[in-house]
Structures are given as structure tokens and as C-alpha cells.
Amino acid sequence: MSSIIRFFVAPDDAVAAGVAEGGPGADLRQATYGNFDVWLTLEEWESILLNRDLDEVGDAGGPDILSGADGPVVLLVPPELTKALAEADDDTLERAVGRWIALRAEEGEDIEDELAHELLGEVAALSADAERTRGGLYCWIC
């Protein structure tokens, strides 16, 4: 597990990759969390929001790694997931949170309802910003 996870919006992959060493700065809209498996989380969200089989999502290879072979990692959140999050209304997000909590519970992990709502809601808002500005949604993991 990672200690710091920052979802952020950047205008393009080059700008996003450039934040690998120090993380996204104050000039990039972001949300910071910690201590969860972001790789699995992105796969689960993609499965839930795009109505895809979780094994199929996992077999597709996951998010693109833009930088970070020897240090912090920068990921491109799959554009289809970014779009689905951006377009999700409150009811869709509510159902997604419930399904995500249930998936984690099946694996013996307890996610607090409030935290799950906050995380998915903030990432959905960042996704909407990324879509509106024609940028991308990224994740910095340190």
C-alpha cells in the first residue's frame, strides 16, 4: 500500500509526468488520500461504473504508468473511467459507493461509508474538471 495518493487534473500527460518527483503542486486541482490500494480501486471503479467484469478489467492491464520506475509513480486514470465519473449523477455515485464497499467487504476490507462517499465524490468532481478543461485525471502515488 502507498502512504500518499493524490488524484489530480493536468492539461496533458507531459505535465502530469513532470510532477513525479515532488507531487502535484498547488497549481493543479487535487485530492489527497492515503493507505489504500489505488490500483485495485481503479479497477473496481472501472468495473462498477462501466459495467465490466472485474477480471476483464484486470486482464486489460490497468492504468498507464507515465513515470516512476524508481520512485513515486504517476498514473493516467483510464479516460473511459474519467468520463464515466464526470458524467455520474448523485444516484449513480451512491450505487457505485455501495457496490465498491461490498466488493471490499468480500475481500475482508472495511471501508467507512463516509470516506467512500468523500473519495468517490471528490474524484468524480476532479473528473468533471478534467473533462471540462480537456485535460486528464491522474494519480500520483508515493
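Numbers below:
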{"item": "Low-density loop cleavage sites - trypsin sites (Lys or Arg not before Pro) in the stretch 57-111, where at most 12 other Cβ are within 10 Å (DSSP)", "result": "none"}
{"item": "Cβ-derived FRET efficiency at R0 22 Å, Ser3 paired with Asp27, nearest 0.05", "result": "0.45"}
{"item": "Dipole moment magnitude, nearest 20 debye, the chain about Cα centre, only Lys, Arg, Asp, Glu C-beta charged", "result": "540 debye"}
{"item": "Computed [θ] at 222 nm, helices only, for the chain once each DSSP H run of length n ≥ 4 contributes -39500 (n - 2.57)", "result": "-15000 deg cm²/dmol"}
{"item": "Diffusion coefficient, µm² s⁻¹, Stokes-Einstein with Kirkwood Rh over alpha-carbon pairs of the chain at 20 °C and 1.002 mPa s", "result": "142 µm²/s"}
{"item": "Simple spin-label estimate for Arg99 and Ala60 in nanometres, 7 Å along Cα-Cβ", "result": "1.3 nm"}
{"item": "Alpha carbon centroid spacing (whole Å) that separates the stretch 23-53 from the stretch 76-129", "result": "8 Å"}
{"item": "Length gained when the stretch Glu106-Trp39 is fully extended (0.36 nm per residue, less Cα-Cα span)", "result": "22.4 nm"}
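Computed from the coordinates by the stated procedures, all read-outs in this text should not be read as laboratory data. Just so it is clear, the model here is predicted, and its values are computed rather than measured. Ideal geometry is used to build each Cβ from the backbone, glycine not excepted, and the neighbour counts take in all protein chains shown.
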